[in-house]
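K.L.:
Please read through the structure below; I'll follow up with questions.
Here, each number is a calculation from the coordinates, and none is a lab measurement. As the structure is a prediction and not an experimental result, all values here were calculated from the model. Using ideal geometry, Cβ is built from the backbone for each residue, glycine included, and neighbour counts are taken over all protein chains shown.
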Amino acid sequence: MTAVKWWLGMSLMWALGCGAQPGPGDLAVQAREAWVKRDRPRLASLADTARRQNDPLAGWVDYFDLNARMAEIRQPDMDAFYARYPGSYVEDRLRNDWLLELGRRRDWANFRRDHVPYQMRDDREVACYALLADHAAGSKVATDTAREAWMGQKDGDDGCQQLAKAMLEAGQFKPDTVWAKARLAIEQSRPRAARQAVALLGSKPFDQKLAELQDNAGRYLTRKARTSPRAEAELTALALARVAANDPEQAGDLLGDKWSRLPADLQAWLWAQIGRQSALRLRDDAMPAFERAAKLAAELDWSDDTLAWAARAALRAKQPAVALRAIEKMSPAEQRDPAWVYWKARATRMQGDAPTARAQLAAMVASPQYGPLNYFGRLAAEDLGLPTPLPSPPAPLTAEERRAARQHPGLTRGLQLIEFGLRSEGVREWNFSLRGMGDRALLAAAQEACDREVWDRCINTSERTKTEIDIAQRYPLPFRTELQREAQNAGLDPAYVYGLIRQESRFVLDARSHVGASGLMQVMPATAKWTAKKAGLDYSPARIHDRDFNLRIGTHYLKLVLDRFDGAQALAAAAYNAGPGRPARWRDGPVIDAAIWAENIPFTETRDYVRKVLLGGAVYAQVLGLPATRVRERLGASVGPAGMRAADVSDVPPAAAGDAKS
């Protein structure tokens, strides 16, 4: 070892041993690591150091420390934390955690006191605890309010479970409310929530039978199912719904034969579930199932999801009157969704009422909620033959507006956290800081992110504005030279590639999905290896994280799936998200309008993905001055069964970004 190396090594050891000051963000990163490991002594030491040094992210270090000790801390500890970080995201985040802890402790006095300044109000379990706290204090809780909170709970939790128990004991909930919750939980594939609901009835035999039918519905139906009394009929219906989830045709056969003596309302619910499962599989027998449900109990309330699939199946089957009835039975909030505003107008036109349909589409186009930057608003304008110009740029930001964004403590912390690799925490801090901002403040905040090339915050923040629209922020052009080069080499439309990357990664270079997809184009390692071999490119696992190679391999893969689907952008986008095998199956059946085909994509994630990629392609075409600025051009006229080339499964590429979930 040379004298210089020895001296450098000794100097480093001395610096570390003497407690050298950590660099910016070091303490927060170390605290996050210690929190994951639940290293409480280490967290306490880091929190003390961060406070003493006035670290700019001391609030986060403190948060990790207290969160790890949540079960044993007391109200004075929390009050001191609130006083140290008033108005910050970590104050409200820890308050949320503390409210959950107070609910578990049944400390309603402190819960009610701490709930008043709680800002986010986005935790459903906290909402249930708040109603329970009011009930415990003697305040009247409206039955409908409690029912809505409980029914809205998807995963089983203590707060909503205890609320339901209290409402049942008070006589405000009846056993039929409990069974309705169990049916909804089974419909949503939430077995734990179903078990929690049935447990409220206090019957161990019911609990045991539910466990058995969840384990093996067919065996339960063969050995133990009954049609009466009512509770037994409910359990039988749950078992049949489990069968329908795997094989709707078999469930229909069983319901039409052996179990036809079930109460009419339960039969109606089951036929609706059989219809929903058939619609998800794009089967022609979905409509007869929905029709049987409606005839058995026309007054029965269906979930919005079931009604949505009834409407989609009706559109696919060219039965607009049935689609309209389904849409009009949806909740008011669901009916306001752009999809159903648009499809209501389209169904009206399909019925032959062109003047009313035109008026509905025109109202949609004129509404600020819709427009050329909304998939359905753009389709509505195109259906009317109207142009879809991009909004005019807003007035330039003033120096004061820029200064306010640059000096905003929460925005600054958010960007710091992202820079230090704590992206999840940074995004939450950033989003919390946007609350209450008007358009100009949002544009200034977005520009700060754009200037730092934090593109996801740039885009998502700018998308919050209501009247002042900055297209350069919402549809930026990062890596333009490199992207256009790779798109051209692959024979792809750059606007389509931009639209896909904007949806895949928001241009975050180090983006990584929960299934392992990486980079700008979110490519899976297996897909990269397969594509590299097809394209004759050198490949090693490390190269997938290189920007230019990620673009190269992603565009080559996209070109392969686009060619496989004869240039159909909607099918190729679906394939990129869900794997080519699925859209190859989804195109089977009758030749239908391409927009109706896209609406019937069974996976929620993929359906939304296709909409956004095609809309993004159309907008980017305008930004780049390229052709194909209409969504309809990118959708195509119709979708139907494939020819022999697409039916060949000997050379099927893998999914690009992992399997999508419904």
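K.L.:
Quick one: LEU560 ticks every box in (1) under 26 Å from the mean Cα position of the chain (by Cα); (2) assigned to a helix (DSSP H, G or I) bar one, so which box is it?
P.N.:
With respect to (1) under 26 Å from the mean Cα position of the chain (by Cα); (2) assigned to a helix (DSSP H, G or I), LEU560 is out only on (1).
K.L.:
Take region 533-557 and flag every residue that is assigned to a helix (DSSP H, G or I), in contact with a helix residue (DSSP H, G or I) (Cβ under 9 Å, 6 or more places away or on another chain) and of a type in the set (D, E, K, R).
P.N.:
To start, the set of residues in region 533-557 that are assigned to a helix (DSSP H, G or I) comprises 533-535, 541-545, 547-557.
Those still in the list that are in contact with a helix residue (DSSP H, G or I) (Cβ under 9 Å, 6 or more places away or on another chain) too: 534-535, 541, 543-544, 547-557.
Answer for region 533-557, where residues must be assigned to a helix (DSSP H, G or I), in contact with a helix residue (DSSP H, G or I) (Cβ under 9 Å, 6 or more places away or on another chain) and of a type in the set (D, E, K, R): LYS534, ARG543, ARG547, ASP548, ARG552.
K.L.:
A follow-up question, please. List pairs: first residue in region 245-262 and under 21 Å from ARG226 (Cβ atoms), second residue surrounded by fewer than 16 Cβ atoms within 10 Å (Cβ to Cβ) and of a type outside the set (Val, Ile, Thr) anywhere in the structure, Cβ distance under 6 angstrom, at least six positions apart or on different chains.
P.N.:
Every condition considered, no pair remains.
K.L.:
Looking at VAL116, is it of a type in the set (A, V, I, L, M) and surrounded by fewer than 17 Cβ atoms within 10 Å (Cβ to Cβ)?
P.N.:
On the way: of a type in the set (A, V, I, L, M): yes; surrounded by fewer than 17 Cβ atoms within 10 Å (Cβ to Cβ): yes.
Taking the combined requirement at face value, the residue satisfies it.
K.L.:
Anything in region 254-264 that is within 13 Å of ARG292 (Cβ to Cβ) and not in a loop (DSSP other than H, G, I, E, B)? List them, or say none.
P.N.:
Once the filter is applied, which keeps residues that are within 13 Å of ARG292 (Cβ to Cβ) and not in a loop (DSSP other than H, G, I, E, B), region 254-264 yields LEU255, GLY256, ALA264.
K.L.:
Output the number of residues of region 147-192 satisfying the condition of being among the hydrophobic types (A, V, I, L, M, F, W, C) and over 18 Å from ARG104 (Cα atoms). I'd like the intermediate steps shown before the answer.
P.N.:
The first filter runs over region 147-192 and keeps only residues among the hydrophobic types (A, V, I, L, M, F, W, C), leaving 149-151, 160, 163-164, 166-168, 170, 173, 178-180, 182, 184-186.
Filter once more, so that each one left must be over 18 Å from ARG104 (Cα atoms): 151, 168, 170, 173, 178-180, 182, 184-186.
Going through region 147-192 one residue at a time, the tally reaches 11.
K.L.:
Can you tell me which residues in region 462-495 are without any contact (Cβ under 8 Å) to a residue 24 or more places away in the chain and surrounded by 20 or more Cβ atoms within 10 Å (Cβ to Cβ)? Spell out how you get there, then give the answer.
P.N.:
At the first step, the residues of region 462-495 found to be without any contact (Cβ under 8 Å) to a residue 24 or more places away in the chain are 462-463, 480-481, 484-485, 488.
Across region 462-495, the qualifying residue is only SER462.
K.L.:
If you don't mind, there's one more thing I want to ask. Can you tell which of ARG336, ARG346, ARG312, ARG316 is of a type outside the set (Asp, Glu) and surrounded by fewer than 22 Cβ atoms within 10 Å (Cβ to Cβ)? First the steps, then the outcome.
P.N.:
Working: ARG346 fails: surrounded by fewer than 22 Cβ atoms within 10 Å (Cβ to Cβ); ARG312 fails: surrounded by fewer than 22 Cβ atoms within 10 Å (Cβ to Cβ); ARG316 fails: surrounded by fewer than 22 Cβ atoms within 10 Å (Cβ to Cβ).
Exactly one residue qualifies, and that residue is ARG336.
K.L.:
Name the helices (runs of 4 or more DSSP H) wholly within region 173-229 that hold at least 1 residues that are closer than 23 Å to ASP304 by Cα and in contact (Cβ under 8 Å) with a residue 24 or more places away in the chain?
P.N.:
Working: elements: 175-187, 191-199, 204-215, 217-223.
It comes to 175-187, 191-199.
K.L.:
Please find, among ASP134, ASP155, ASP62, ASP77, the residue that is under 28 Å from the mean Cα position of the chain (by Cα) and either part of a helix (DSSP H, G or I) or exposed (fewer than 14 other Cβ atoms within 10 Å of the Cβ) (or both). Show your work before the answer.
P.N.:
Working: ASP134 fails: under 28 Å from the mean Cα position of the chain (by Cα); ASP62 fails: under 28 Å from the mean Cα position of the chain (by Cα); ASP77 fails: under 28 Å from the mean Cα position of the chain (by Cα).
Going through ASP134, ASP155, ASP62, ASP77 in turn, just one is under 28 Å from the mean Cα position of the chain (by Cα) and either part of a helix (DSSP H, G or I) or exposed (fewer than 14 other Cβ atoms within 10 Å of the Cβ) (or both): ASP155.
K.L.:
Anything in region 393-407 that is in contact with a helix residue (DSSP H, G or I) (Cβ under 8 Å, 6 or more places away or on another chain) and part of a loop (DSSP other than H, G, I, E, B)? List them, or say none. Spell out how you get there, then give the answer.
P.N.:
Kept after step one, since they are in contact with a helix residue (DSSP H, G or I) (Cβ under 8 Å, 6 or more places away or on another chain), are these residues of region 393-407: 393-394, 397, 401-402, 404-406.
Within region 393-407, PRO393, PRO394, LEU397 meet the criteria.
K.L.:
Before we move on, is ALA245 surrounded by 15 or more Cβ atoms within 10 Å (Cβ to Cβ), aliphatic (A, V, I, L, M) and closer than 20 Å to GLU299 by Cα? Step through it out loud before you land on a result.
P.N.:
On the way: surrounded by 15 or more Cβ atoms within 10 Å (Cβ to Cβ): yes; aliphatic (A, V, I, L, M): yes; closer than 20 Å to GLU299 by Cα: no.
No: the conditions fail for ALA245.
K.L.:
Another one. Pick from region 581-633 the residues that are assigned to a helix (DSSP H, G or I) and polar (S, T, N, Q): which of them is farthest from the chain's Cα centre (by Cα)? Spell out how you get there, then give the answer.
P.N.:
Initial filter on region 581-633 (assigned to a helix (DSSP H, G or I)): 581-586, 594-599, 604-624, 631-633.
If we keep only those that are polar (S, T, N, Q) as well, we get 604, 606, 622.
Details: THR604: 9, THR606: 11, GLN622: 28 Å.
Among them, the one singled out is GLN622.
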